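Following: one structure in structure tokens, then a few remarks.
The values are calculated or read from the model by the stated rules, or taken from the named source; none is laboratory data. Since we're looking at a predicted model, the values are computed, not measured. Cβ placement follows ideal geometry from the backbone for every residue including glycine, while neighbour counts extend to all protein chains displayed.
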Ligand SMILES: [Cu+2]
């Protein structure tokens, strides 16, 4: 897939050919059969993937990126064999960018921060949503700009390996270096990725914004379902809901910010330890999908802080009869009690478990769910964290269901799936945070090591042999 190169940091031609960003919608299908994935010759190799790593592997494994939830680490040789058998190789390149982001919907009043001194992946909070298909090989790379002030790396949960792998004696991806790893997407689902910083400050890097999600689509797509609903004249009807859906990513987390004159927007560890978040958010922006003026008018009557009319806020838009698939990730420290005022959650899928017709779904920290909702009646609905303290701090989204299609905030719409009959394309409007990238400072990877950046950060010529990913030297 030849992508056009823009402004750019060139990287060695030897390693050209590798990195394609999250919008990497490589065409074609993966020939690996997943109707019975364990019977696939290529995927049988995965059995050998989860071999314990040697101490040498551990010491030379670069960043903390090891096992991603649903993704198992493999060697370049295994990856090559799988690719020769027809597996797709996908690229997931992340560039840590340290930047200050103004909050459009900052609280007003004393003791409130109006910006975030942020650590980001590729310039946005959250980082880009990646999308692959069950059985794909993922080449994950982190390139750390020389101008960064802190170490960054890339890690994920569900680590099926020694905890020693995450200890500080392992070399970080230091400023000016790059590290690449290969994985196989074993299990469908939605998975969190995040920076773990210098290990002892993981929380700081996560709450400054270095986190995001990876969608692993089932090889054969998502199951349809049947739905009973009441018409506007109260007649009960049955509906068969197809697999194809309009898709929305909702990334829930919080900001913990020092809010005085000199440190406004810096990370406040004491606030985190006390569960006293300054803001909560969906997709990086408090109240980003809440255009109603002065809702939750006074958050803190004692300090006088309040929410002004939200700026640059845009609701989620659907039409009557739309099947919507929400990919929900809770990165934060609070329980995310997902509720849609005026609706029920038709189907919730989480790690192979399925719940139907839920009024609210409780999502703990670092967990995810895929939620199907079909909107059968026109109207205005409100998607919130049903923890009122968090709804009042930013996790509050308005959903408008009308008779004509409306655009959705760009940072809520994930890349389209490669699996047929999965994604229904949507029109979008630019949103301040998240993907697609905020225009003031972004890093984009075009095809093979071709990076365009509008950020002042100096992105290095990567070190190491990165063309096939590597474990150790
Ligand atoms: Cu970091």
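Going through (1) more than 13 Å from the ligand (Cβ to nearest atom); (2) at pLDDT 80 or above; (3) over 18 Å from residue 329 (Cβ atoms) one by one, residue 95 falls short only on (1). Out of curiosity, is residue 132 modelled with pLDDT of 75 or more and within 16 Å of the ligand (Cβ to nearest atom)? No. Candidates in region 203-237 are the residues that are buried (at least 21 other Cβ atoms within 10 Å of the Cβ) and part of a strand (DSSP E or B); of these, the one that is farthest from the ligand (Cβ to nearest atom) is 217.
Looking across region 158-174 at every residue that is at pLDDT below 55 and within 16 Å of the ligand (Cβ to nearest atom), the one that is nearest to residue 221 (Cα to Cα) is identified as 166. If the condition is being without any contact (Cβ under 8 Å) to a residue 60 or more places away in the chain, surrounded by 19 or more Cβ atoms within 10 Å (Cβ to Cβ) and not in a strand (DSSP E or B), then region 326-352 contributes only 343. When region 182-201 is filtered for residues that are more than 17 Å from the chain's Cα centre (by Cα) and either outside any loop (DSSP other than H, G, I, E, B) or within 16 Å of the ligand (Cβ to nearest atom) (or both), the ones remaining, listed by number, are 182, 183, 184, 197, 198, 199, 200, 201. Count of region 362-388 residues, restricted to those that are under 21 Å from residue 277 (Cβ atoms) and either surrounded by 17 or more Cβ atoms within 10 Å (Cβ to Cβ) or without any contact (Cβ under 8 Å) to a residue 12 or more places away in the chain (or both), is 11. Each residue in region 135-150 was checked for being outside any loop (DSSP other than H, G, I, E, B), more than 14 Å from the ligand (Cβ to nearest atom) and either modelled with pLDDT of 85 or more or surrounded by 24 or more Cβ atoms within 10 Å (Cβ to Cβ) (or both), and 4 of them qualify. Select from region 370-384 the residues that are part of a loop (DSSP other than H, G, I, E, B) and closer than 13 Å to residue 316 by Cβ and list them in ascending order. Across region 370-384, the qualifying residue is only 375.
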